[in-house]
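Step one of this worksheet: look at the structure below.
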Amino acid sequence: MKSAGRNPRESSNARHRSVRLHPRARAARRLRAADKVIQKYQMSTCEQLKAQKDEPKSDKEKLAIDFLKNDTRAADAFIDKVAAPVARKMFACGLIP
């Protein structure tokens, strides 16, 4: 059902407002991103990880990396969560000594 008299820019503005999240909501979003990275490593075979190592980063990955480079608290939380499971898988696959 279409709302009468609704400005199409309102939904666009609402999306922009959602970017300014409460600090706890931002932390939860960062941890979900970390969960996705952990899942990627846990679900991938060693051969898949080796092949992905040389592939170029997606635009979404580039944005995430830039964000983490510019937000040390976010980077610390992200690394604290992913370090052990990712390093464990990389070690098992012979990607690190």
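Where a number appears in this text, it was derived from the coordinates with a stated rule and is not lab data. All values reported here derive from a predicted model rather than from experimental measurement.
Semi-axes of the equivalent ellipsoid for the range 22-92, computed as √(5λ) from the eigenvalues of its C-alpha gyration tensor and ordered from largest down, come to 23, 14, 10 Å. Taking a straight line from the alpha carbon of K69, these lysines sit under 26 Å away, with near neighbours fewer than eight places off in the same chain left out: K36, K40, K50, K53, K57, K60, K81, K89.
K62 to M90: extension gain in nm, 0.36 nm per residue of separation minus the Cα-Cα distance?
Details: separation 28, 0.36 × 28 = 10.08 nm, distance 2.11 nm.
Gain on stretching K62 to M90: 8.0 nm.
Evaluating 6.51 cos²θ - 1.76 cosθ + 1.60 at θ = phi - 60° for every residue in the range 33-50, the Karplus couplings come out as 5, 5, 4, 5, 5, 4, 4, 4, 5, 5, 8, 8, 7, 4, 5, 5, 5, 5 Hz, glycine and proline recorded as x.
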